[in-house]
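Written out below as structure tokens is the structure these notes cover.
Any read-out appearing in this document is the output of simple, stated calculations on the displayed coordinates, not a laboratory observation. Just so it is clear, the structure is predicted and the values come from calculations on it, not from any experiment. Glycine also receives a Cβ, built like all others from the backbone with ideal geometry; neighbour counts cover every protein chain displayed.
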Amino acid sequence: MKNDQALAAYVAVTAAYWVFMLSDGALRMLVLLHFHILGFSPVQLAYLFMLYEIAGMITNLTAGWIAARFGLTRTLYAGLFLQILALLALLQLNPLWAIWPSVIYVMSVQGLSGVAKDLAKMSSKSAVKLLAPSEGDGLFRWVALLTGSKNAVKGLGFLLGAGLLGTVGFHNAVLAMAVVIAVILAILLLRMPGGLPKGRKGVKFREVLSKNRNVNWLSFARIFLFGARDVWFVVGIPVYFYEVLSDGSESGNRAAFFLIGSFMSVWIILYGAVQAAAPRLLGASGRPLQELVYAARHWIAVLLFVPGLLAPIIWLAETPSLWLTSVVVAGLLLFGMLFAVNSALHSYLILAFTDTERVTMDVGFYYMANATGRLLGTVLSGLSYQLGGLPLCLATAALILLISYFGTRRLAI
């Protein structure tokens with residue numbers, strides 16, 4: 001494959017993924033804040049995202065085979081198209097419905113969005129393995145750039161979603177996102193560069209399950225790494241900040257939306273920036289794979305101390321204050337930076353461990369584990385916050401990070 005063709009395909013895939021993740025981040029904030037205002041409890045808010053993550057698990061398990069069978073370009077198109085359908089379906093929500101019919105309907109729409117997100121994600125990540133230069137740390141750099149930039153864009157999406165909710169409202173915001181994605185899909189259909197594989201007809205579905213020990217243990221560790229993030233990120237911290245910042249008035253709600261969206265946006269953007277810089281931070285150029293496996297064990301051990309220390313500090317403080325809020329913000333930003341290094345290492349290792357002919361299936365299997373972790377974190381986020389507030393969310397995060405650490409200990413080179 002010519003270098004310019006590979007670069008053109010990489011740029012097209014990355015741009016499509018950026019637009020998708022911008023809408024994904026905005027939609028999450030729109031749904032979370034809109035339904036919190038409507039009176040949904042933390043557990044009910046968690047329910048809204050459960051089918052999204054369940055759909056992601058199923059999609060990732062099957063999408064790797066679909067991509068191997070029909071080609072990465074088609075799975076990318078399918079992801080964008082399904083996201084448009086999900087956004088248009090969300091516009092049909094009737095505000096006069098009772099809470100539980102609304103929960104069930106939004107869960108279903110979020111499930112469709114989850115399928116869309118993971119089709120696009122698997123397509124983009126698999127494309128990097130096939131397009132990245134093989135010399136030096138080229139693979140790590142391209143993976144880190146795609147993943148880090150994606151998270152920075154998603155962070156902007158959080159801010160965009162909160163801002164749109166406070167200005168143009170829920171309906172207009174969702175409609176605008178559907179139109180933008182439709183335009184991007186149309187451009188790709190007309191101008192998509194060549195360079196991605198077209199698929200192989202002889203691929204068997206049973207090949208989806210990996211026999212690679214390292215792929216399986218890395219996927220196990222990934223479950224609990226992402227569970228530890230989402231256990232405080234999905235419901236815990238937005239609801240905590242809303243309760244601290246909002247005075248219940250319309251202007252107070254708008255100010256709270258902006259501040260919550262700003263924090264989550266800054267967190268994701270910082271996470272993405274550190275993730276993109278991870279190859280340089282780790283001195284990955286010239287380091288053998290074995291050293292990077294050891295680095296994965298080290299960095300997750302460091303990460304688990306952050307929620308482990310934050311949980312008792314917040315619990316002992318009992319009542320919110322400016323000092324406590326500053327400690328929470330600083331601690332969670334530190335968590336984000338350490339989490340980014342861990343995530344970047346995982347994203348590189350999965351592609352380093354897999355063979356080129358199995359890349360879509362191993363990446364799909366790995367991101368099924370990723371979705372499983374997000375589902376675990378989503379459920380525990382609502383439940384933990386309802387039972388013990390933000391301190392219990394963070395204590396739970398520390399516990400499941402310990403499980404992830406033991407998973408990385410099983411990696412062998």
Inset, instruction - Give me the distance in nm between label points sitting 7 Å out from Cα along the Cα-to-Cβ direction at L96 and K211, one decimal. - result: 6.0
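Given Cα positions, please report Rg to Rh for the stretch 224-331, the hydrodynamic radius being the Kirkwood one.
Values: Rg = 17.4 Å, Rh = 16.3 Å.
Across the stretch 224-331, the Cα-based Rg/Rh ratio is 1.07.
Taking 41 Å as R0, compute the FRET efficiency from the Cβ-Cβ separation of S108 and S326 and round it to 0.05.
Working: r = 40 Å, r/R0 = 0.97.
Between S108 and S326 the formula returns 0.55.
What's the extension gain from L175 to L85 if we count 0.36 nm per residue and subtract their Cα-Cα distance?
In short, 31.3 nm is gained.
Rounded, prolate or oblate for the stretch 256-413? Axes are the square roots of the Cα gyration tensor eigenvalues, ordered a ≥ b ≥ c, and the cut-off for rounded is a/c under 1.5. Write down the numbers at each step before the final one.
On the way: a/c = 1.96, a/b = 1.77, b/c = 1.11.
It is prolate, given that a/c is not under 1.5 and a/b is the larger ratio.
Between L259 and Y294, what's the calculated FRET efficiency when r is the beta-carbon distance and R0 is 30 Å? Round to 0.05. Provide the component values of the computation, followed by the final result.
Numbers: r = 40 Å, r/R0 = 1.33.
My answer for the efficiency is 0.15.
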Inset, instruction - Please give the FRET efficiency for W315 paired with V11, using the beta carbon to beta carbon distance and R0 = 41 Å, rounded to the nearest 0.05. - result: 0.30
Inset, instruction - Find the centroid of the Cα atoms in the stretch 326-392 and in the stretch 84-117, then give the distance between the two in whole Å. - result: 25
Legend entry - Among 143-153, 222-232, 322-332, the order from most to least packed when residues are scored by Cβ within 10 Å on average: 222-232, 143-153, 322-332
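Please report, to one decimal in angstroms, the Kirkwood hydrodynamic radius of the stretch 342-413 built from all distinct Cα-Cα pairs.
14.0
Using a 10 Å cut-off on Cβ atoms, rank the peptides 56-62, 109-115, 387-393 from the highest mean neighbour count down.
Per-residue mean Cβ counts within 10 Å order the peptides as 109-115, 56-62, 387-393.
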Legend entry - Label-point gap, in nm, between V244 and L189 - each point 7 angstrom along Cα→Cβ: 4.7
